[in-house]
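What follows is a short report on a single structure.
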Amino acid sequence: MTLYGRHQEQTELDRVLTGAREGTGAGLVLWGDPGIGKTALLEYATASATDFTVLSCRGTRMESGLAFAALHELLWPVVDRIGALPAPQAAALRGALGHSGDVPDRFLIGAAVLTLLSELGGEQPVLLVADDAQWLDAPTVECLCFVVRRLRTEPVALLLTSHADPATGPWAQLPALGLGGLDDTDARRLAAAATPSAGERLLARTVRTAGGNPLALQELPGALEAAGPSAPGERVAVGPRLRRAFNARVEALGPRTRTLLLLAAAEERGERWALREAADTLGVGTAAWDEALRHGLLDTHGDRVRIRHPLVRTVVYEEAPFTERQAAHRALACVLAGAGEDADELRAWHLASACDGPDEDVAALLVAVADRAWARGGCASAAQILRRAAELSPCPDGAAVRLARGARAAWEAGQVPAARELLARATHLSSEDAVAELSGGLRGLIEFGYGDQRTAHRHLMRDVRAVSRPGKKLELATMAVRAGWTAGAPALHAAALDVLATLPDVPPLVGWWREDGAPPALTEDTVARLGASSWRLIPPASLGVAWGAEEALAEAFRRKIAELRRTDAATAIVLTVPQTASLDAVRGRWGDATAEATEALCLAEEIGADHAATQCRSVLAWLAALRGDEETVTAQTDRTLEISVPRGIRALTAAAHWSRGLAALQAGRADEALQWLSRISEPGHAAAHGTFALLAAADTAEAAVRADHPDAALPHVRLLTRWADRTGTAWAKSAAHRCEALLTEDPTAKNSHFLHALDGRPARPFEQARTRLLYGEWLRRVRRRTEARIQLAEAAETFRRLGAPTLLERALHEQELTGQQLRRSPTPGISLTPQELRVARLAAEGLTNREIAAQLLISPRTVGHHLSNVFPKVGITSRADLARVDFDNGLRLTS
């Protein structure tokens with residue numbers, strides 16, 4: 001095909017295709033005005049991709065509300081390959097495409113498409129083409145966005161076209177190439193080729209008027225010639241001029257032909273059988289078909305019939321009187337009746353398009369379509385459909401029902417602003433209690449995830465009483481408990497616990513949330529009883545750490561993650577992984593904790609889960625503080641505080657203050673550390689939080705002692721002592737003894753306190769090492785050098801294994817001050833990226849690349865890419881050697 005003046009664009013398309021051939025996936029959005037040549041460039045790319053598997057789809061207005069309509073079109077040529085995918089992914093994708101009754105998770109759908117494309121790419125590169133992407137249905141857009149973010153190691157290219165600049169839309173992550181008009185030379189060449197009979201004067205006038213728009217250059221000569229001589233200085237906007245030109249061509253046709261074109265414009269999909277039957281219904285015969293084809297306004301390819309250009313379709317449809325559009329949609333709805341489930345969905349939309357006022361029958365049809373979309377994972381489409389159903393509902397109560405359900409669908413699709421707006425409209429039409437029942441207490445859930453915690457608590461507590469379903473009551477009461485605790489408001493927390501205690505079948509885990517007694521054991525039976533809502537009663541990691549139950553709590557979370565990953569991948573990662581990362585950090589598994597928090601942060605940001613993302617940043621900030629990485633601490637806590645302070649999330653604000661204080665303490669700035677840490681227990685401060693005041697008490701006391709304010713340390717020591725006496729937790733006893741050792745000047749008492757602090761199994765290796773460092777420093781100062789060397793050497797080994805360079809350097813320096821000669825090793829330790837570490841651990845457990853990919857929501861090819869990086873870094877040559885890697889001790893190889 002011949003393209004005029006598009007050399008730069010062709011070069012860019014060639015670059016994208018070359019990258020895919022070389023295994024480096026990429027995407028590109030071509031955008032610009034209608035008629036500017038976007039589709040022609042897609043055709044060029046497709047023609048150039050002779051060695052590719054080409055999968056294509058086209059967005060249409062009519063199908064933009066049908067869940068996964070575009071994905072169905074895109075994958076139709078390879079639908080037979082779905083059965084070879086991992087079973088959960090295959091089930092999810094079949095459910096999305098309507099091939100089964102499975103209820104899919106949207107991230108499993110994305111993972112399934114990614115795996116499918118990756119495996120197709122193992123045979124030959126894959127080119128995905130989506131024309132008119134602005135009209136793709138929302139679930140397909142969400143799926144393709146998921147895939148795009150993971151294309152870096154795949155032989156897959158994605159090309160899209162759009163009318164508008166994608167900088168602020170769903171495709172903002174992709175490079176974009178805006179198309180402008182052709183220069184005068186290329187414009188004249190194109191006009192001359194399109195209209196060989198045009199003279200020089202007409203060509204010059206066409207070039208001047210068209211503004212470089214290729215479609216205008218092809219269509220305007222005839223219209224300009226028919227319009228007569230031009231006025232002096234004539235400058236007409238291309239859009240209106242083209243619209244008039246196309247409208248004139250349509251008006252010159254016979255009435256039956258115009259009706260045929262209107263049917264094609266309303267139908268959009270290009271189904272020849274549907275157009276023929278609808279045309280027969282409206283009395284359109286063969287002569288009209290012949291005239292439309294003769295004038296080049298319709299294109300036919302096999303069983304497909306389309307209007308030649310989207311702009312023609314727009315003109316035909318928008319210029320037709322409403323009564324004629326209404327008749328076209330009704331005719332199409334008539335022929336689609338009984339033609340299958342997909343046709344039923346289209347039929348409902350055609351009937352909705354034909355409505356000129358409320359219509360309960362059509363609204364009910366749309367609700368049925370929304371239910372099917374929702375069941376297939378198309379929550380965004382369900383929200384859009386229910387919005388339209390509400391508009392057609394003659395009864396306010398009926399409209400409120402549909403708006404409330406639409407809000408819930410939008411919420412589940414991650415469309416928080418839309419969910420808020422639909423919920424507000426529903427509340428305007430009905431009572432708050434009724435909307436709470438209809439939406440499942442959505443207002444409080446939205447506030448908990450994206451708003452103020454005290455406001456969330458108020459709504460959740462109100463809605464617990466408003467909803468009737470026992471499971472929903474339990475969910476809302478549980479979230480109210482979490483909101484009260486997160487807000488650092490003991491009274492609100494206690495009030496929610498009292499309400500929760502009145503509900504039937506509350507799991508014994510509720511005892512974890514009370515700070516006035518010992519928690520119940522996390523037995524296998526307790527974990528097994530956790531349902532879809534009540535599993536959220538597993539306490540947050542920090543509360544479990546306060547109880548000294550990090551081992552049992554980590555096991556409970558891991559069991560739940562394993563269950564959730566099979567059916568609800570996003571929930572498994574976003575809601576639970578930040579907790580396991582915190583627990584792993586406490587247990588000395590810093591590499592795992594970093595990998596888990598990084599993975600969850602990427603996904604949380606991807607789906608717009610602000611609260612979960614902030615939790616991940618909190619974990620990463622704390623780990624950075626332990627490592628002495630102040631730059632990361634500052635960056636992560638700054639972002640955390642931007643969200644947590646305005647929303648009253650005191651738990652995360654307190655965590656940020658703890659990280660900042662700990663980082664300053666390790667850097668030797670005790671006064672600054674004390675300022676940060678003391679605010680966690682300061683009544684009324686935005687960082688005040690009881691649980692974190694307890695957890696940070698030892699650090700606060702140490703900062704006070706080092707800042708020469710020992711009196712300021714006493715309240716924190718008393719807090720630790722009271723907690724240790726009441727609960728018997730080993731960590732609190734050790735921390736209290738360490739603080740007492742720092743405070744006392746009596747050498748005998750100091751030595752005794754240090755020894756008591758080191759009693760027992762080192763369940764928290766970093767804290768044990770810190771105690772050894774402090775003890776060794778004191779032993780060196782009192783000239784007990786041999787004993788000091790023992791404590792300092794053990795501390796240094798732990799800091800080296802964990803990767804805490806600041807404290808490692810401090811321990812080594814102290815060793816040297818004892819007179820010990822050390823051989824410093826300049827060789828850095830093994831460094832894996834968080835994702836490489838996750839992949840390597842899972843591979844060491846015997847999982848296949850496919851199984852690892854399914855867990856991490858990446859492709860098997862990407863797993864292989866990470867392993868190929870891991871092997872030389874660790875010093876192994878095969879997958880079997882991974883079993884020899886000690887992941888908990890600096891990635892050392894065991895014998």
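The values are calculated or read from the model by the stated rules, or taken from the named source; none is laboratory data. Being a predicted model, the structure only gives us computed values, none of them experimental. Glycine also receives a Cβ, built like all others from the backbone with ideal geometry; neighbour counts cover every protein chain displayed.
If I ask for residues that are under 24 Å from residue 723 (Cα atoms), modelled with pLDDT under 90 and not aliphatic (A, V, I, L, M), which ones from the stretch 469-515 would you list? Correct list: 508, 511, 512, 513, 514, 515. The condition of being modelled with pLDDT under 90, hydroxyl-bearing (Ser, Thr, Tyr) and surrounded by fewer than 21 Cβ atoms within 10 Å (Cβ to Cβ) holds for residue 100. So which residues in the stretch 701-736 are of a type in the set (Val, Ile, Thr) and out of contact with any Pro (no Cβ under 9 Å at 6 or more places or on another chain), if there are any at all? Passing the criteria: 705, 717, 721, 729. Of 708, 671, all but one fail to be part of a loop (DSSP other than H, G, I, E, B) and more than 25 Å from residue 765 (Cα to Cα); the exception is 708. For the stretch 255-314, the set of residues classified as among the basic types (Lys, Arg), assigned to a helix (DSSP H, G or I) and either over 22 Å from residue 219 (Cα atoms) or under 45 Å from the mean Cα position of the chain (by Cα) (or both) consists of 256, 272, 276, 313, listed by residue number.
Here residue 325 passes the criteria (1) assigned to a helix (DSSP H, G or I); (2) without any contact (Cβ under 8 Å) to a residue 12 or more places away in the chain except the one numbered (2). Listed by position, the helices (runs of 4 or more DSSP H) contained in the stretch 1-92 that have at least 1 residues being among the basic types (Lys, Arg) and in contact with a Gly (Cβ under 7 Å, 6 or more places away or on another chain) are 38-48. Residues in the stretch 279-301 that are touching a residue at least 24 places away in the same chain (Cβ under 8 Å) and over 22 Å from residue 327 (Cβ atoms): 2 in all. Summed over the stretch 354-368, the residues that are part of a helix (DSSP H, G or I) and either within 16 Å of residue 403 (Cβ to Cβ) or not assigned by TED's automatic domain parsing to the domain that holds residue 415 (or both) give a count of 5.
Would it be correct to say that residue 677 is over 23 Å from residue 777 (Cβ atoms), in contact (Cβ under 8 Å) with a residue 24 or more places away in the chain and not small (Gly, Ala, Ser)? Considered against the rule, which asks whether it is over 23 Å from residue 777 (Cβ atoms), in contact (Cβ under 8 Å) with a residue 24 or more places away in the chain and not small (Gly, Ala, Ser), residue 677 comes out as no.
In contact (Cβ under 8 Å) with a residue 12 or more places away in the chain, part of a loop (DSSP other than H, G, I, E, B) and not assigned by TED's automatic domain parsing to the domain that holds residue 69: which single residue out of 398, 377 fits that description? Spell out how you get there, then give the answer.
Values: 398 fails: part of a loop (DSSP other than H, G, I, E, B).
Going through 398, 377 in turn, just one is in contact (Cβ under 8 Å) with a residue 12 or more places away in the chain, part of a loop (DSSP other than H, G, I, E, B) and not assigned by TED's automatic domain parsing to the domain that holds residue 69: 377.
Which members of the stretch 705-730 meet the condition of being under 19 Å from residue 774 (Cβ atoms), modelled with pLDDT of 95 or more and under 42 Å from the mean Cα position of the chain (by Cα)? Of everything in the stretch 705-730, those that are under 19 Å from residue 774 (Cβ atoms), modelled with pLDDT of 95 or more and under 42 Å from the mean Cα position of the chain (by Cα) turn out to be 716, 720. Within this structure, residue 80 fails the test of being on the phi > 0 side of the Ramachandran plot, over 19 Å from the mean Cα position of the chain (by Cα) and among the charged types (D, E, K, R). Every test in (1) within 40 Å of the chain's Cα centre (by Cα); (2) within 30 Å of residue 374 (Cα to Cα) is passed by residue 318 save one, and that test is (2). Against the definition (modelled with pLDDT under 85, part of a helix (DSSP H, G or I) and surrounded by fewer than 18 Cβ atoms within 10 Å (Cβ to Cβ)), how does residue 201 come out, yes or no? Answer is yes for this residue.
This table checks each residue for (1) in contact with a strand residue (DSSP E or B) (Cβ under 8 Å, 6 or more places away or on another chain); (2) at pLDDT 80 or above; (3) of a type in the set (Lys, Arg); (4) not assigned by TED's automatic domain parsing to the domain that holds residue 344.
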| residue | (1), (2), (3), (4) |
| --- | --- |
| 196 | no, yes, no, yes |
| 217 | no, yes, no, yes |
| 223 | no, no, no, yes |
| 256 | no, yes, yes, yes |
| 266 | no, yes, no, no |
| 271 | yes, yes, no, no |
| 274 | no, yes, no, no |
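Name the single residue that is farthest from residue 623 (Cα to Cα) among those in the stretch 732-773 being among the hydrophobic types (A, V, I, L, M, F, W, C) and touching a residue at least 60 places away in the same chain (Cβ under 8 Å). Among them, the one singled out is 732. Scanning the stretch 415-472 for residues that are farther than 26 Å from residue 491 by Cβ and of a type in the set (S, T, N, Q) returns 415, 427, 430, 431, 439, 468.
Only one of 748, 798 is among the polar types (S, T, N, Q) and modelled with pLDDT of 95 or more. Can you tell me which? Talk me through it step by step, then tell me what you get.
On the way: 798 fails: modelled with pLDDT of 95 or more.
Result: 748 is the single residue among 748, 798 that is among the polar types (S, T, N, Q) and modelled with pLDDT of 95 or more.
With the structure loaded, tell me whether residue 414 is in contact (Cβ under 8 Å) with a residue 60 or more places away in the chain, outside any helix (DSSP H, G or I), touching a His at 6+ places or on another chain (Cβ under 8 Å) and farther than 20 Å from residue 390 by Cα or whether it fails that test. When the stated conditions are applied, residue 414 does not pass them.
From the list 637, 632, exactly one residue is of a type in the set (Ser, Thr, Tyr), crowded, with 20+ Cβ neighbours inside 10 Å and either more than 30 Å from residue 668 (Cβ to Cβ) or at pLDDT 90 or above (or both). Which is it? Write out each step before concluding.
Details: 632 fails: crowded, with 20+ Cβ neighbours inside 10 Å.
Only one candidate qualifies: 637.
Which residue, of 332, 351, is more than 37 Å from the chain's Cα centre (by Cα) and assigned to a helix (DSSP H, G or I)? Don't jump to the end; show me each part of the working.
Working: 351 fails: more than 37 Å from the chain's Cα centre (by Cα).
None of the others qualify; the one that does is 332.
Can you tell me how many residues in the stretch 608-666 are of a type in the set (Lys, Arg) and assigned to a loop (DSSP other than H, G, I, E, B)?
Restricting attention to the stretch 608-666, the residues satisfying the condition of being of a type in the set (Lys, Arg) are 617, 627, 639, 647, 650, 660.
Keeping just the survivors that are assigned to a loop (DSSP other than H, G, I, E, B) gives 647.
Qualifying residue count for the region: 1.
If you go through the stretch 29-48 and keep only what is crowded, with 22+ Cβ neighbours inside 10 Å and either of a type in the set (A, V, I, L, M) or not assigned by TED's automatic domain parsing to the domain that holds residue 155 (or both), you end up with 29, 30, 36, 41, 45. Within the stretch 103-124, the set of residues being in contact with a strand residue (DSSP E or B) (Cβ under 8 Å, 6 or more places away or on another chain) and crowded, with 24+ Cβ neighbours inside 10 Å comprises 117, 118. For the stretch 357-374, filtering for residues that are in contact with a Pro (Cβ under 9 Å, 6 or more places away or on another chain) and without any contact (Cβ under 8 Å) to a residue 40 or more places away in the chain leaves 5.
The rows are residues; the columns are (1) in a helix (DSSP H, G or I); (2) of a type outside the set (A, V, I, L, M, F, W, C); (3) under 18 Å from the mean Cα position of the chain (by Cα).
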site	(1), (2), (3)
99	no, yes, no
111	yes, no, yes
116	yes, no, no
127	no, no, no
159	no, no, no
174	no, no, yes
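Out of the residues in the stretch 729-755 that are out of contact with any His (no Cβ under 8 Å at 6 or more places or on another chain) and within 21 Å of residue 546 (Cα to Cα), which is surrounded by the fewest Cβ atoms within 10 Å (Cβ to Cβ)? The extreme case among them is 730.
Of all residues in the stretch 665-689, those satisfying the criterion of being of a type in the set (A, V, I, L, M, F, W, C) and crowded, with 21+ Cβ neighbours inside 10 Å are 665, 673, 674, 676, 677, 680, 687.
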